[in-house]
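Enquirer: Pasting a structure below so you can have a look.
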Amino acid sequence: MTNEPLASRMRPNTIDEIISQDHLVGTKGIIRRMVETKRLSSMIFYGPPGIGKTSIAKAISGSTQFKFRQLNAVTNTKKDMQLIVEEAKMSGQVILLLDEIHRLDKAKQDFLLPHLENGKIVLIGATTSNPYHAINPAIRSRAQIFELYPLNEDDVKLSLERALNDEERGLASFNPIIDKDAMNYFTTQSQGDVRSALNALELAVLSSEVTDNQRHITLEDAKDCLQKGAFVSDKDGDMHYDVMSAFQKSIRGSDVNAALHYLARLIEAGDLPTIVRRLLVISYEDVGLASPGAGQRTLAAIESAERLGFPEARIPLSQAVIELCLSPKSNSGITAIDAALSDIRKGHVGQIPDYLKDGHYSGAKELGRAIGYKYPHNYENGFISQQYLPDKLKNKIYYTPKMTSKTEQQFKTIFENINKAQQKNK
């Protein structure tokens, strides 16, 4: 038996054998149309590990009969690329799968570019990083970008069943019998990573005891061979930022169940610093003045979580998430400061009125500083109307109260009364 892993042996030979990714290889998929017309262009496959990037590249080669070569952008050299270019010149188009294309250095990139232009090399770049962030524009502009998605549970199950029943490339010769709950564990816990599922299945089959010329795979075998599934929690990867974004947007949208789901993902990744920072931001950015005390209560929950550590930290964190979800929402604070910052950055500044300038030094009076300033505490209700903004901005209004809570409704009334008094003074 070959030492090649099962996941590699079971790669599809043509695009008709590909499981999932119908948006690309289905009856109307763009890659299928390319293959059927044998008009291939360079492309970049983007998505999590183990979902078929290499498999699709090899299947394209199998369906078109073009030669297929595979290199790694980091470990292979420019000389390795030169050999493939020479091969293409001699025998026609070559499909080059370049793993980790986001790490391609400039020297290799500059060497490849002209060969992409003349069509001798059909480049298929594979990456787990968002190509719009990680790949040089020179390469990106010469390739179509296709996002691949994790396989669903039915797709993973189909892949496993194919491997179990395949005599030539798969595991059928071992006469495996797999319990239903073991199959369910492989399909659910692999999180759409079919490579992880296949290789775990192979380990389970090869390491199980032979009884009556059969190998019986139990749930315990599955758990031993697929340790805690393939949960993706790369703190520097795109999925990490996608989870953080979904977490905040779920709280902003008052969806408790979704927010707790994304909190659980972050907890499972052990990422307490990200959770606490994001919760504190949300308490001021999204709840804000609609419930001014939410920020302090969130901070108290954060401090408790940091003192407790995981797993107990999940308790105060979940309570903070539930409160923030169900609190009234107002972004009036962040909207107001961003509007003020926008004016500053556009150069809309103006001179501070002289009566507001510092008068606590010798000679201030001679310069006209702090003369005419009305001290609000000397007036009824601690308020007296006077202009505070520079003349250039004296009619500017940055804060627009929301009506999502009684608190900000009260702020709105006070704010409008002050504005009316200020307008009379102008």
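The values are calculated or read from the model by the stated rules, or taken from the named source; none is laboratory data. Just so you know, these numbers come straight off a predicted model, no measurement behind them. We place every Cβ from the backbone using ideal geometry, glycine too, and count neighbours over all the protein chains shown.
Enquirer: Hey, does segment 53-72 have a residue that's under 30 Å from D154 (Cβ atoms) and in contact with a His (Cβ under 9 Å, 6 or more places away or on another chain)?
Expert: There is no residue in segment 53-72 that is under 30 Å from D154 (Cβ atoms) and in contact with a His (Cβ under 9 Å, 6 or more places away or on another chain).
Enquirer: H23 passes all but one of (1) under 24 Å from the mean Cα position of the chain (by Cα); (2) not in a helix (DSSP H, G or I); which number fails?
Expert: Unmet for H23, out of (1) under 24 Å from the mean Cα position of the chain (by Cα); (2) not in a helix (DSSP H, G or I): (2).
Enquirer: Among the numbered criteria (1) without any contact (Cβ under 8 Å) to a residue 60 or more places away in the chain; (2) farther than 21 Å from I135 by Cα; (3) assigned to a helix (DSSP H, G or I), which one does M81 miss?
Expert: (2)
Enquirer: Then there is this: Consider S55 carefully, then state whether it is in a loop (DSSP other than H, G, I, E, B), surrounded by 15 or more Cβ atoms within 10 Å (Cβ to Cβ) and of a type in the set (S, T, Y).
Expert: no
Enquirer: Determine if segment 44-60 includes at least one residue that is modelled with pLDDT of 90 or more and among the polar types (S, T, N, Q).
Expert: So far as segment 44-60 goes, yes, one or more of its residues are modelled with pLDDT of 90 or more and among the polar types (S, T, N, Q).
Enquirer: Here's a follow-up. Here is a list: G26, G50, G62. Which entry is assigned by TED's automatic domain parsing to the domain that holds S129, more than 26 Å from P137 (Cβ to Cβ) and in contact (Cβ under 8 Å) with a residue 60 or more places away in the chain?
Expert: G50
Enquirer: Please go through segment 117-155 and give me each residue that is touching a residue at least 60 places away in the same chain (Cβ under 8 Å), in a loop (DSSP other than H, G, I, E, B) and of a type in the set (D, E, K, R), ordered by number.
Expert: R142
Enquirer: Have a look at R277, R265 and point out the one that is assigned to a helix (DSSP H, G or I) and either crowded, with 17+ Cβ neighbours inside 10 Å or within 16 Å of the chain's Cα centre (by Cα) (or both).
Expert: Residue meeting the stated conditions: R265.
Enquirer: Within segment 355-371, is there a residue that is part of a helix (DSSP H, G or I) and touching a residue at least 12 places away in the same chain (Cβ under 8 Å)?
Expert: Checked segment 355-371: at least one residue is part of a helix (DSSP H, G or I) and touching a residue at least 12 places away in the same chain (Cβ under 8 Å).
Enquirer: Continuing with this model, one more query. Any idea how many residues of segment 162-195 are closer than 14 Å to I217 by Cβ, within 31 Å of the chain's Cα centre (by Cα) and surrounded by fewer than 17 Cβ atoms within 10 Å (Cβ to Cβ)?
Expert: 1
Enquirer: What are the residue pairs meeting all of these: first residue in segment 102-114, first residue under 18 Å from A126 (Cα atoms) and touching a residue at least 24 places away in the same chain (Cβ under 8 Å), second residue among the hydroxyl-bearing types (S, T, Y) and buried (at least 16 other Cβ atoms within 10 Å of the Cβ), Cβ atoms under 9 Å, and 6 or more apart or on different chains?
Expert: From residues that are under 18 Å from A126 (Cα atoms) and touching a residue at least 24 places away in the same chain (Cβ under 8 Å), the pairs are H102/T127; H102/T128; H102/S129; R103/T127; R103/S129.
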